[in-house]
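Note sheet for the following structure.
The values are calculated or read from the model by the stated rules, or taken from the named source; none is laboratory data. If you're wondering where the values come from, they're calculated on a predicted model, not measured in any experiment.
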Amino acid sequence: MGRVFITLPTVHLDYETLLRGHVAPYKELIDMGLPTIMIARSCFPAPGVNEIPADMSRDLLQNFLRGELGFNDVITMDNMV
């Protein structure tokens, strides 16, 4: 039986497109008091997280989600192994 390689979904968008097109609705919800948010097991190179799953990235979780977007509530993860 051959080897099985599993790769993570990677969102290849520049930073501005990611913010305007995909993050903006979440920012609005965060500003309205969103109580929890789920982080996917995906890679997002634009915010500076390269080859590290978002749910394991301190830069994405602390600096981007908590710092830049101002989310201070519960973060859940969807990783299933």
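Overview of results
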item: Subset of the stretch 18-42 that is in a helix (DSSP H, G or I) and small (Gly, Ala, Ser) - its residue that is farthest from Phe64 (Cα to Cα); result: Gly21
item: Asn79 part of a loop (DSSP other than H, G, I, E, B) and at pLDDT below 85; result: yes
item: Complete set of residues in the stretch 1-22 that are more than 12 Å from the chain's Cα centre (by Cα) and at pLDDT 85 or above; result: His12, Leu13, Asp14, Tyr15, Glu16, Thr17, Arg20, Gly21
